[in-house]
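The values are calculated or read from the model by the stated rules, or taken from the named source; none is laboratory data. In this text, all values refer to a predicted model and were calculated from it rather than measured experimentally. Methodologically, a virtual Cβ is constructed for each residue, glycine included, from the backbone with ideal geometry; neighbour enumeration extends over all protein chains shown. What goes into the accessible areas is simple: the full protein's heavy atoms, side chains included, and nothing from ligands, DNA or RNA. Shrake-Rupley method; radii C 1.70, N 1.55, O 1.52, S 1.80 Å.
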Amino acid sequence: MEGGARSSGDLWSGLALALLGVTIVVQAWQWEYLGPEGPGPGFFPLWYGLAMLALSALLVVSNLRRAPRRTPVEWSRVARALSAWLALAVSVALFKVLGFVVSFALLTYFMVAVMYRRPPKIAALAALASGAGFHLLFDRALGVSLPSGFLGF
């Protein structure tokens, strides 16, 4: 597959973001914009939906104005991106079994060790630090419980 104006990621992501922006604006339009005490529940969603529409329009227009590039798809890069998405999906699927903290730590380890090709010790340190950070911040400091697994956190 060759890259051109119609097969560009910028074009398709811009169109997808525009669709999301329209959905947000339509939903926010149904909510109260201003209440007696200030902005209502529709105020901020309406504005960021409109901002999303404007920025996605800029993305699409800038893509259509560029000359088409004839570069082949680098399948190794596509495979890396898809493996990152798969790792995220597996991490989310493991929330109920392992809990958020452990699942996120495993995701962090994978991203650092495999995707960024860092040594396993560095990846383990990053995984432990991110898991502990989430646990301390949400469970301890804020009192917001994250999904816990069979280990209790």
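Among residues of region 55-75 that are among the polar types (S, T, N, Q), those with a Cβ under 9 angstrom from a residue that is open to solvent by 80 Å² or more (accessible area, probe 1.4 Å) and not in a helix (DSSP H, G or I), sequence gap 6+ or separate chain, pair up as THR71/GLU2. Just one of (1) touching a residue at least 12 places away in the same chain (Cβ under 8 Å); (2) in contact with a helix residue (DSSP H, G or I) (Cβ under 9 Å, 6 or more places away or on another chain); (3) within 30 Å of PHE150 (Cα to Cα) fails for VAL92. It is (1). Scan region 33-51 for residues that are closer than 30 Å to PHE104 by Cα and open to solvent by 50 Å² or more (accessible area, probe 1.4 Å) and jot them down. Of everything in region 33-51, those that are closer than 30 Å to PHE104 by Cα and open to solvent by 50 Å² or more (accessible area, probe 1.4 Å) turn out to be PHE44, TYR48.
Among the residues of region 104-115, how many are among the hydroxyl-bearing types (Ser, Thr, Tyr) and at pLDDT below 95? Residues in region 104-115 being among the hydroxyl-bearing types (Ser, Thr, Tyr) and at pLDDT below 95: 0 in total.
Filtered by the rule that a residue be under 20 Å from the mean Cα position of the chain (by Cα) and aliphatic (A, V, I, L, M), region 116-139 gives ALA126, ALA127.
Within region 123-145, the set of residues being modelled with pLDDT of 95 or more and open to solvent by 90 Å² or more (accessible area, probe 1.4 Å) comprises LEU125, LEU128.
For every residue, the table says whether it meets (1) open to solvent by less than 60 Å² (accessible area, probe 1.4 Å); (2) under 15 Å from GLY9 (Cβ atoms); (3) at pLDDT 95 or above; (4) of a type in the set (Phe, Trp, Tyr).
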position	(1), (2), (3), (4)
LEU59	yes, yes, no, no
ASN63	yes, yes, no, no
PRO68	no, yes, no, no
VAL78	yes, yes, no, no
ALA81	yes, yes, no, no
TRP85	no, yes, no, yes
VAL92	no, no, no, no
